[in-house]
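The values are calculated or read from the model by the stated rules, or taken from the named source; none is laboratory data. It should be emphasised that the depicted structure is a prediction, and the values quoted were computed from it without experimental measurement. Every residue, glycine as well, gets a Cβ built from its backbone with ideal geometry; the counts of neighbours run over all protein chains shown. The accessibility values were calculated without ligands, DNA or RNA, using every heavy atom of the protein model including side chains. Shrake-Rupley method; radii C 1.70, N 1.55, O 1.52, S 1.80 Å.
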Amino acid sequence: HLREPAWFHMRRSTVPECLETESMNTPVYLFLDDLRPTPEGWTRAYTAREAIDILSKNEVIMVSLDHDLGEDPDVGDGYDVIVWIEEQVHTNPEYKCPDILVHTANPAAARRMRDARDAIYEKCNHPPECWIPKRLRSGDA
């Protein structure tokens with residue numbers, strides 16, 4: 001049984017002030033998952049490749065990642081997306097790191113993904129989920 005992320009029903013009406021930029025186009029909220037329903041107002045990706053494609057072509061201000069995306073090894077997993085974001089942070093000075101939420105039900109993968117996210121945030125001086133209530137930050141899902 002998959003449960004919805006704790007933040008799932010939060011309404012997204014405007015870009016959080018802490019994430020606004022003067023050059024911001026239409027912001028994208030990206031949801032990577034193969035089974036859970038897509039939250040209202042979010043862009044859906046079913047595979048790591050789809051998510052990376054969306055990240056590379058849009059101004060994504062928040063991404064919520066599942067890890068396990070089915071049995072087909074070609075679809076990748078949520079950690080692949082985190083690795084791509086990390087590469088961008090290290091190699092592209094223009095890259096603006098999105099907020100990264102982890103909503104996987106896989107506890108070992110969740111720890112690994114959160115550790116990688118924390119390292120990314122440290123590298124890019126990213127404010128940790130500045131608009132998400134503190135009670136939801138530590139566990140994400």
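Which of the residues spanning segment 92-115 are open to solvent by less than 60 Å² (accessible area, probe 1.4 Å) and in contact (Cβ under 8 Å) with a residue 40 or more places away in the chain?
Passing the criteria: Pro98, Asp99, Leu101, His103, Ala109, Ala110, Met113.
Among strands (runs of 3 or more DSSP E) lying entirely in segment 1-65, which contain 1 or more residues that are modelled with pLDDT of 50 or more and surrounded by fewer than 17 Cβ atoms within 10 Å (Cβ to Cβ)?
Strands (runs of 3 or more DSSP E) meeting the threshold: 43-45.
Report, by residue number, each residue of segment 66-109 that is part of a loop (DSSP other than H, G, I, E, B), over 12 Å from Cys124 (Cβ atoms) and touching a Leu at 6+ places or on another chain (Cβ under 8 Å). Quick ask: steps written out before the conclusion?
Step one: list which residues in segment 66-109 are part of a loop (DSSP other than H, G, I, E, B), which gives 66-72, 76-77, 92-98, 103-106.
Adding the requirement that they be over 12 Å from Cys124 (Cβ atoms) leaves 66-72, 76-77, 103-106.
Within segment 66-109, Asp66, Leu69, Gly76, Asp77, His103, Thr104, Ala105 qualify.
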